[in-house]
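Below: one structure, written as structure tokens.
The values are calculated or read from the model by the stated rules, or taken from the named source; none is laboratory data. As the structure is a prediction and not an experimental result, all values here were calculated from the model. All Cβ positions, glycine included, derive from the backbone under ideal geometry; neighbour counts span all protein chains shown. Ligands, DNA and RNA are stripped out before the accessible areas are found, and what is left, the full protein with its side chains, is counted by its heavy atoms. Shrake-Rupley method; radii C 1.70, N 1.55, O 1.52, S 1.80 Å.
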Amino acid sequence: AGEDAPYRYPRFDLLGIEPLRAVLTSRAWQLGLRLLSVGLFLLVLLSGFFGRQVPVSNFAPTFVWVVWWVGFGFFVAFVGNPWPLVNPWKVLFEWAEALVRRLGIGDGIELRETYPVALGIWPAVALYAVFVWVENVFWGSPTPLYIAVLALNYSVLTWGGMAVYGKEVWLRRGEV
């Protein structure tokens, strides 16, 4: 390629390896990842609310700020983005929808209101800015209780957005 040709990052398709594809696309593997994701999310909440409120001795700050915020970013950059599969808010919402259907209460919990076009992806941008501010400026960012409270508030906002506008719409436009 000449000097004017754009540089392309090397890519390797893990799903191109048949045995690896069989494992990574299996229902058992995907369910295991989802259970792990929800379990870690619940552990963050429980340790934040009920654990020792010493940041270096509590799971919540280490997991949120080091493992998830930094480590997951590196994982996505070097391996790929499993977030659509393991997003605990999406997983719990889907499980709640399945329960509603199974109980015969309705055909789901999505109201599917029309998403305001003028909002675009600004809710996601604003939430991202809040998240960055909390991490870098908010004095209580390492405090486990504050992490749990913020995670719970974010959960209510995210599940509310999914319920009102539909899961896919909110995840594309409103979720960080």
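Observations, loosely collected:
- Where helices (runs of 4 or more DSSP H) fall entirely within segment 51-126, those with at least 3 residues that are under 13 Å from the mean Cα position of the chain (by Cα) and either farther than 13 Å from W170 by Cα or not hydroxyl-bearing (S, T, Y) (or both) are at 83-86, 88-102.
Okay, residues lined up against (1) open to solvent by less than 60 Å² (accessible area, probe 1.4 Å); (2) in contact (Cβ under 8 Å) with a residue 40 or more places away in the chain; (3) of a type in the set (A, V, I, L, M, F, W, C):
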position	(1), (2), (3)
P6	no, no, no
I17	no, no, yes
G39	yes, no, no
N58	yes, yes, no
V76	yes, no, yes
V100	yes, no, yes
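- Selected residue (only one of V169, V156 is surrounded by fewer than 17 Cβ atoms within 10 Å (Cβ to Cβ) and assigned to a helix (DSSP H, G or I)): V156
Residue-by-condition table, conditions (1) touching a Pro at 6+ places or on another chain (Cβ under 7 Å); (2) open to solvent by 50 Å² or more (accessible area, probe 1.4 Å):
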site	(1), (2)
G80	no, no
A96	no, no
P144	yes, no
L150	no, yes
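- Segment 127-142, residues that are open to solvent by 60 Å² or more (accessible area, probe 1.4 Å) and assigned to a helix (DSSP H, G or I): Y128, V130, W133, N136
- Test result for R34, in contact with a helix residue (DSSP H, G or I) (Cβ under 8 Å, 6 or more places away or on another chain) and open to solvent by 80 Å² or more (accessible area, probe 1.4 Å): no
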